[in-house]
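**Student:** Submitted below is the structure of interest, expressed as C-alpha cells.
The values are calculated or read from the model by the stated rules, or taken from the named source; none is laboratory data. Since the model is a prediction, treat every value here as computed from it, not as a measurement. When we count neighbours, we look across all protein chains shown, and the Cβ atoms used for this are built from the backbone with ideal geometry, even at glycine. Just the protein is used for accessible areas: all its heavy atoms, side chains included, with ligands, DNA and RNA removed. Shrake-Rupley method; radii C 1.70, N 1.55, O 1.52, S 1.80 Å.
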Amino acid sequence: MAIITIARQEGSLSKEIAQGLAERFGCQYVAKDTIKQELAGSYGITEQSISKYDEKKPGLIASLTNTHDKYNNYFKLYFLDKVVKDPKCILLGRGGAFFLKGVPGVLRIRIVGSENIRVSRIMERYNLDEKAARKMVTQVDNERSGYTRFFYNMSWDDPSSYDLVINTDQLSTDVVYSIVEGAISAFNQTIHPDLLLNRLKELYMAQKIIIKILYEDKLPVHFLDVDVHGDKVTLLGTVEIQDLGRKTEKLVSEIEGVGSVDNRITFVNSYPHMV
C-alpha cells in the first residue's frame with residue numbers, strides 16, 4: 001500500500017474510518033492532531049497558526065498577505081518529508097488529492113453523507129442542538145471547499161477528482177473498511193513503488209526550492225510555482241524587479257542536486273507608463 005488521501009464532508013465518519021484504516025494497515029496517519037504534535041515548533045509554525053490556517057480559506061484581508069501561503073507551503077514540506085521516508089501513509093484532508101494529483105501510487109478517496117444524517121452525528125458527538133450542529137457542518141464544509149478552491153483552483157465536490165467516493169449514510173465503518181481494502185488490493189497491483197518514490201522526491205525537492213526562494217532568501221517572486229523532473233527544475237512566476245528572475249535562477253542553480261534550470265519567471269512592470 002502507498003498513499004491514501006481522504007477528503008471528507010463534516011460528520012461523514014471520515015476520521016474514524018481513516019484512523020481505523022491506519023491501524024489495520026500499520027501505516028502513518030496524518031491529520032490535525034498529528035500535525036499539531038509534529039509540525040508545531042518547526043519552521044516557526046505555532047499551534048495558534050495551525051488552528052488559524054489549517055484547512056481554512058483566507059478571508060479578504062488575509063488573501064492579500066502570504067500568511068496562509070506560508071503555512072500551506074510548510075505543511076507540504078512537512079508532509080513530503082514524511083512520505084519520502086515512508087510512503088505508506090493516510091492523509092486526512094489538507095487538499096491531498098489535489099497537491100498529489102497525478103502522482104502514481106496515490107489512492108484518492110472522498111467520504112460523504114446526506115446533510116441531515118451528518119448533522120445528527122454532530123449533534124450527538126458534540127452535544128449540540130440541531131441549529132448549532134447544522135451551522136457547524138455548513139461552516140466546516142465551506143472552509144474546506146474554499147481552501148481547496150483558493151490553493152488549488154479545483155472543486156472540492158467534483159467526484160472526478162477522486163478514485164473512490166463512499167456515502168456512509170447506510171454503511172458502518174466495518175463495511176467501509178472492507179470496501180477500501182478491496183480497492184487497495186486491486187490498486188496495489190498497479191502500483192510501481194519506484195515511480196511513486198521518485199515522484200515524491202521530485203515534489204519534495206520542488207517544495208524545498210519554494211521554501212528557499214520565498215522564506216529563506218525572501219525573494220519577492222509572485223505566483224511562484226516550481227516543477228522538478230529528474231535534475232531539471234522549471235521556475236514559473238512573476239517579478240516586479242528587473243533581474244530578479246535571473247537572480248532566482250542563479251540561486252536555484254546552486255542548490256545541490258539541481259542539474260539545469262528552465263527559468264520561465266516573467267518581469268511585470270506594475271507602474272503605468274507616464275504620458
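**Student:** Taking segment 126-140 as the search range and keeping residues that are open to solvent by 20 Å² or more (accessible area, probe 1.4 Å) and touching a residue at least 40 places away in the same chain (Cβ under 8 Å), which one is nearest to Leu197 (Cα to Cα)?
**Tutor:** Here the answer is Val140.
**Student:** Which number in (1) among the aliphatic types (A, V, I, L, M); (2) open to solvent by 50 Å² or more (accessible area, probe 1.4 Å); (3) at pLDDT below 95 marks the one condition that Leu107 misses?
**Tutor:** Against the list (1) among the aliphatic types (A, V, I, L, M); (2) open to solvent by 50 Å² or more (accessible area, probe 1.4 Å); (3) at pLDDT below 95, Leu107 comes up short only on (2).
**Student:** Of the residues in segment 218-270, how many are farther than 21 Å from Val103 by Cβ and open to solvent by less than 20 Å² (accessible area, probe 1.4 Å)?
**Tutor:** So the answer is 8.
**Student:** Can you tell me which of (1) open to solvent by less than 40 Å² (accessible area, probe 1.4 Å); (2) part of a helix (DSSP H, G or I) is the one Glu55 doesn't meet?
**Tutor:** Looking at each condition in turn, Glu55 falls short on (2).
**Student:** Within segment 162-215, which residues are under 13 Å from Gly105 (Cβ atoms) and either acidic (Asp, Glu) or in contact with a strand residue (DSSP E or B) (Cβ under 6 Å, 6 or more places away or on another chain) (or both)?
**Tutor:** Asp163, Phe187, Asp194 - these are the residues of segment 162-215 that are under 13 Å from Gly105 (Cβ atoms) and either acidic (Asp, Glu) or in contact with a strand residue (DSSP E or B) (Cβ under 6 Å, 6 or more places away or on another chain) (or both).
**Student:** Residues of segment 16-34 being of a type outside the set (S, T, N, Q) and assigned to a helix (DSSP H, G or I), which ones?
**Tutor:** Glu16, Ile17, Ala18, Gly20, Leu21, Ala22, Glu23, Arg24, Phe25, Lys32, Asp33
**Student:** Shifting gears a bit: Please report, ordered by residue number, the strands (runs of 3 or more DSSP E) entirely within segment 84-201 with at least 1 residues that are within 30 Å of Val258 (Cα to Cα).
**Tutor:** Those strands (runs of 3 or more DSSP E) span 89-92, 106-112.
**Student:** Somewhere in segment 168-182, is a residue touching a residue at least 40 places away in the same chain (Cβ under 8 Å), crowded, with 16+ Cβ neighbours inside 10 Å, more than 20 Å from Phe75 (Cβ to Cβ) and not hydroxyl-bearing (Ser, Thr, Tyr)?
**Tutor:** Scanning segment 168-182, I find at least one residue that is touching a residue at least 40 places away in the same chain (Cβ under 8 Å), crowded, with 16+ Cβ neighbours inside 10 Å, more than 20 Å from Phe75 (Cβ to Cβ) and not hydroxyl-bearing (Ser, Thr, Tyr), so the answer is yes.
**Student:** Which is in contact (Cβ under 8 Å) with a residue 60 or more places away in the chain, out of contact with any His (no Cβ under 6 Å at 6 or more places or on another chain) and either open to solvent by 30 Å² or more (accessible area, probe 1.4 Å) or farther than 28 Å from Asp217 by Cβ (or both), of Thr34, Thr46, Thr67, Thr5?
**Tutor:** Going through Thr34, Thr46, Thr67, Thr5 in turn, the sole match is Thr5.
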